[in-house]
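> Input: one structure, supplied below.
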């Protein structure tokens, strides 16, 4: 028997892997033997990730991708199959950093449309054009990155939350429609993940509130999502599909009164 979670000889596309969570996913998959196609809009940042993976002994390449452009999505998938012969793993991590969000009354129709286009339509596109290649290759694993914001209501995330909820539902449709053709599809909902890119923008008061409400002693990091993706991508998860996994330190596991009740108990 080979080592657990061995992705040797597998080819993986990770969208939005030039920063944040995407880098963590790409690094973890590469460490386990996959060739990772790093994608994003900025070639210099993508090449830096490729060089970092190579420095750790992994295999990676960069392909430019605009997730809003259907032709760019098609080119990514077709070029990957042409260059490496097959596509085994697709991680849909890319999401908008440009669209503005807000409360229902305040958000513009244009920003609503842009958010759903970048965060939901893009996942539909990569699935649509990857699945035929995976079927031809005998199957594959699709991992969609959702969000805990897509599970509950939020203040000011009126477009982002519904887009991520749509990603979760799309996950189940892909799993149902193509499972008999050996394609599995699962969804990861990250909680607060502190990355080098967002570290300076996460206020301490927000971190304190979050840390008080979760069930562990630290914030999340990109590799936490990477290891969850590794499980879903691996043959060890062959019987796992259509699932939603919250990687959030336990935030979604209890009522919102948990933090105040814990403080009250400590006082007693």
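> I'm trying to understand the selection: among the residues of the stretch 27-47, which are touching a residue at least 40 places away in the same chain (Cβ under 8 Å), part of a helix (DSSP H, G or I) and touching a strand residue (DSSP E or B) at 6+ places or on another chain (Cβ under 7 Å)?
29 - this is the single residue of the stretch 27-47 that is touching a residue at least 40 places away in the same chain (Cβ under 8 Å), part of a helix (DSSP H, G or I) and touching a strand residue (DSSP E or B) at 6+ places or on another chain (Cβ under 7 Å).
> Give the stretch 51-64 a look and list any residue that's more than 17 Å from residue 79 (Cα to Cα) and surrounded by 20 or more Cβ atoms within 10 Å (Cβ to Cβ), or say none.
Across the stretch 51-64, the qualifying residues are 53, 58.
> Follow-up question, since we're still on this one. Which condition from (1) surrounded by 14 or more Cβ atoms within 10 Å (Cβ to Cβ); (2) without any contact (Cβ under 8 Å) to a residue 60 or more places away in the chain is the one that residue 200 breaks?
For residue 200, the failing item is (1).
> Hey, another quick one. Sort out which residues of the stretch 20-40 are closer than 13 Å to residue 62 by Cβ and out of contact with any helix residue (DSSP H, G or I) (no Cβ under 7 Å at 6 or more places or on another chain), and write them in order of number.
Within the stretch 20-40, just 22 meets the criteria.
> Additional query: Enumerate the pairs (first residue in the stretch 151-163 and without any contact (Cβ under 8 Å) to a residue 12 or more places away in the chain; second residue anywhere and surrounded by 15 or more Cβ atoms within 10 Å (Cβ to Cβ)) with beta-carbon separation below 6 Å, excluding pairs fewer than 6 apart on the same chain, so at least 6 apart or on different chains.
Every condition considered, the pairs that remain are 154/161.
> Let me ask you something else. With the checklist (1) touching a residue at least 24 places away in the same chain (Cβ under 8 Å); (2) touching a helix residue (DSSP H, G or I) at 6+ places or on another chain (Cβ under 6 Å); (3) closer than 23 Å to residue 190 by Cβ in hand, flag the one item residue 107 doesn't pass.
Unmet condition: (2).
> Take the residues of the stretch 48-65 that are part of a helix (DSSP H, G or I) and within 9 Å of residue 18 (Cβ to Cβ): which is farthest from the chain's Cα centre (by Cα)?
Going through the qualifying residues, I end up with 48.
> Out of (1) crowded, with 20+ Cβ neighbours inside 10 Å; (2) farther than 29 Å from residue 112 by Cα; (3) within 13 Å of the chain's Cα centre (by Cα), the odd one out for residue 225 is which?
Residue 225 satisfies all of (1) crowded, with 20+ Cβ neighbours inside 10 Å; (2) farther than 29 Å from residue 112 by Cα; (3) within 13 Å of the chain's Cα centre (by Cα) except (2).
> Which residue is farthest from residue 194 (Cα to Cα), if the candidates are limited to the stretch 7-24 and must be without any contact (Cβ under 8 Å) to a residue 60 or more places away in the chain and surrounded by fewer than 23 Cβ atoms within 10 Å (Cβ to Cβ)?
Looking at residues that are without any contact (Cβ under 8 Å) to a residue 60 or more places away in the chain and surrounded by fewer than 23 Cβ atoms within 10 Å (Cβ to Cβ), I get 9.
> If you don't mind, there's one more thing I want to ask. Check off (1) in a loop (DSSP other than H, G, I, E, B); (2) loosely packed, with under 15 Cβ neighbours inside 10 Å for residue 158 and give me the number that stays unchecked.
All conditions pass for residue 158, except number (2).
> Checking the condition without any contact (Cβ under 8 Å) to a residue 60 or more places away in the chain, surrounded by fewer than 21 Cβ atoms within 10 Å (Cβ to Cβ) and assigned to a helix (DSSP H, G or I), which residue from 128, 172 passes?
128
Results for (1) closer than 20 Å to residue 27 by Cα; (2) modelled with pLDDT under 95, shown as yes or no for each residue.
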residue: 84; (1), (2): yes, no
residue: 97; (1), (2): no, yes
residue: 101; (1), (2): no, yes
residue: 116; (1), (2): no, no
residue: 138; (1), (2): no, no
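> So residue 212 fits all but one of (1) at pLDDT below 95; (2) within 22 Å of residue 20 (Cα to Cα); (3) in contact with a helix residue (DSSP H, G or I) (Cβ under 7 Å, 6 or more places away or on another chain); what number is the exception?
Just one mismatch for residue 212, condition (2).
> Given the conditions (1) at pLDDT below 90; (2) touching a helix residue (DSSP H, G or I) at 6+ places or on another chain (Cβ under 8 Å); (3) over 27 Å from residue 106 (Cβ atoms), report the number of the one that residue 225 does not fulfil.
So the condition that residue 225 fails would be (1).
The values are calculated or read from the model by the stated rules, or taken from the named source; none is laboratory data. Only a predicted model underlies this, so the values are computations on that prediction, with no experimental measurement involved. Ideal geometry is used to build each Cβ from the backbone, glycine not excepted, and the neighbour counts take in all protein chains shown.
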